[in-house]
Amino acid sequence: MSNQITLSINNQSISVPAGSTIMEAAQKLGVSVPHFCWHPGLSIAGVCRFCMVKVEGMPKLQIACNTPATEGMKVDTVSAEVKDAHKWALEFHLINHPLDCPICDQAGECELQNYYMKVGKYQSQMEDEKVLKPKALDVGDTLVLDTERCILCSRCVRFEDEVTKTSTLGIFNRGDQATIGTYQGRKIKHNYSYNLADICPVGAFTAKDFRFKCRVWFLKEAKTVCPGCSTGCSVNLFQNSNQREYYRLKPRHNAEVNGHWMCDTGRTMYEHLNASTRLSAPLLNGENVTFHAALQAVSDATKSVSADKVAVVFTAQFTSEEYSAVLNSLKTTLKGTPKVFVWREETETEESFDGILFRGDRNPNTRGMTEVLKQESVGASILKGDFSALANAGAELTLVFGPEVESAYPSLAKALSRFVELKKSVYFGNTLNEVAKKFWLRIPVKTFAEKSGTFVNFNGVAQKLKANPPVYPAVKAVDEYFADLGKLAQSAV
Ligand code: SF4
Ligand code: SF4
Ligand code: FES
């Protein structure tokens, strides 16, 4: 027996798995049915009554989100009767919604605004005073709640009940007094709070980290992968490209990796991208030098040592292509394999997992790095709190590839102070870290947002990074530097 059923929506035929709703069938077909309370990552509430459709043979309009699709069903989403139902449902939602749009941070990405432009009943018949409710409530470290703007869709309540299972939110009172709020004395305190601002279709929940910083129409979004842990959530990164300034990350749906969500730790992964925190030029013995001079210094240093006197220290925050480039380039120039070490943060609990997305391995490419080391038949020693294996290696040149996300390495300063003690140590990193200034040579590198390459998550899912315009155009990715080093070596022959 086939598990598929076939129905038609606006005279277009579509097959969906048995058990699907009309809304799911419409989504699959690319037919937009207005909705507020339905969200593909949450249970069905059927409370907003916005998603009305006509089903042939049924006397009244039906809600698409909670009506099962059946074999041979004929659905209409565009007739005058259906459009009129959408207009009136929207009008109902606007009865008590404040006229906040000019001062609301959701403007530009508010579903109420967007639907008003698409299906609004432009001449309101509402004559009564609007019901006033509490505004700008501090409901936790990350969010502000404006209960007057809430349209009582209950998405946030279901998120708290079903995803984080923290059940902090409820809808209190009845009728036009019904109000969204936290239970008495409770605050929203978990690592997934910003998802509430994402799923709230209006400006009731706004993110403290983003509100009033930039109007959304100035932002361009780019698909990328969160570097915050080994889950590697698919995300969109938002940049004001006129200012080359990054403002926020939001989750991008990926059924294989993160579903619809991401964690709050991951939301901070734009902070280290902006110019104010970045190293822009190489430092040789504490002095600014050109990129050419810096690479020449590395090239000269590799010529005067044998492979067994060179140490490479990797962190698992670079792309697979970068690890391959370093190992292949050094094998060629040194005519042998250097000693390879993997630096892990000493406080990390690599195997820990919060049961939703966030993992104790705060590196996005542990698996990719391990695969490259295996492909290149290179054995690596782990440095975790104890750096004696490196100190005793007798290296005369050490190349350290530091973590891009320094906040994931609370013991960074301690580790760096051990590396700077070594003879001729070179640090590839991107921030203005004071300890790292003491390295013999310091070379800035591109961040995950600025380079192409691959991260392989804990589960073996490989995802590509896409290069956005770099904050400092002269700064390159590690694989690009090693391509340049290869050319320098050839030109010297
Ligand atoms: S606060 Fe937002 S998500 Fe929650 S019920 Fe109100 S409109 Fe829906
Ligand atoms: S779970 Fe990990 S990869 Fe996903 S958003 Fe959080 S830090 Fe980023
Ligand atoms: S989306 Fe169907 S009732 Fe709200």
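None of the figures in this text is laboratory data; all of them are computed from the coordinates on show. Computed from a predicted model, the values in this text were never measured in an experiment. Because the Cβ atoms are built from the backbone with ideal geometry, glycine has one as well, and the counts that use them run over all protein chains shown.
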key: Residues with amide H under 5 Å from that of Ser425, placed H, sequence gap 5 or more   = Thr398, Trp440, Leu441
ask   = Per the Debye formula with a single identical scatterer at each Cα and no solvent contribution, what log10 I(q)/I(0) holds for the chain at q = 0.06, 0.07 Å⁻¹?
value = -0.37, -0.49
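Greater than 29 Å separation of Cα atoms is the criterion. Which listed pairs, Lys135/Lys165; Lys423/Lys466; Lys335/Lys437; Lys83/Lys213; Lys223/Lys414; Lys189/Lys446, meet it?
The pairs that break the limit, which is 29 Å between Cα atoms, are Lys423/Lys466; Lys335/Lys437; Lys83/Lys213; Lys223/Lys414; Lys189/Lys446.
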task = Treating only the Cβ atoms of Lys and Arg (+1) and Asp and Glu (-1) as charged, compute the dipole magnitude of the chain about its Cα centre; round to the nearest 20 debye.
result = 660 debye
request  = Determine ³J(HN,Hα), in whole Hz, for all residues of the stretch 244-253 in sequence, where each value follows from phi through the Karplus function 6.51 cos²θ - 1.76 cosθ + 1.60 and θ = phi - 60°; x replaces Gly and Pro.
outcome  = 6, 10, 8, 10, 6, 10, 9, x, 10, 4
query = What's the extension gain from Asn114 to Ser167 if we count 0.36 nm per residue and subtract their Cα-Cα distance?
reply = 16.1 nm
query = Which of rounded, prolate, oblate describes the stretch 327-435, given a ≥ b ≥ c as roots of the alpha-carbon gyration tensor eigenvalues and a/c under 1.5 marking rounded, otherwise prolate only if a/b is larger than b/c?
reply = oblate
note = If each K or R counts +1 and each D or E counts -1, the residues other than Gln296 whose Cβ falls under 11 Å of its Cβ total -1
message = What aspartates and glutamates does Lys133 reach when the alpha-carbon gap must be under 14 Å and sequence neighbours fewer than 8 apart in one chain are set aside?
response = Asp100, Asp146, Glu148, Asp176
note = Kirkwood Rh over alpha-carbon pairs of the stretch 4-94 plugged into Stokes-Einstein at 25 °C, 0.890 mPa s gives a D in µm²/s of 188 µm²/s
query = Can you give the charge dipole size of the stretch 416-493 about its Cα centre, rounded to the nearest 20 debye, using +1 on the beta carbon of Lys and Arg and -1 on the beta carbon of Asp and Glu?
reply = 120 debye
request  = Evaluate the relative contact order of the chain (contact order divided by residue number), counting alpha-carbon pairs under 8 angstrom at least 6 apart; express in whole percent.
outcome  = 11 percent
note = The local net charge around Pro470, scoring Lys/Arg +1 and Asp/Glu -1 for residues other than Pro470 whose Cβ lies under 12 Å from its Cβ, equals +3
task = Compute the distance in nm between two label points, each set 7 Å from the Cα along the Cα-to-Cβ direction, one at Asp76 and one at Thr290.
result = 7.4 nm
query = In the structure displayed, which of Lys331/Lys487; Lys303/Lys374; Lys220/Lys451 lie more than 24 Å apart, Cα to Cα?
reply = Lys303/Lys374
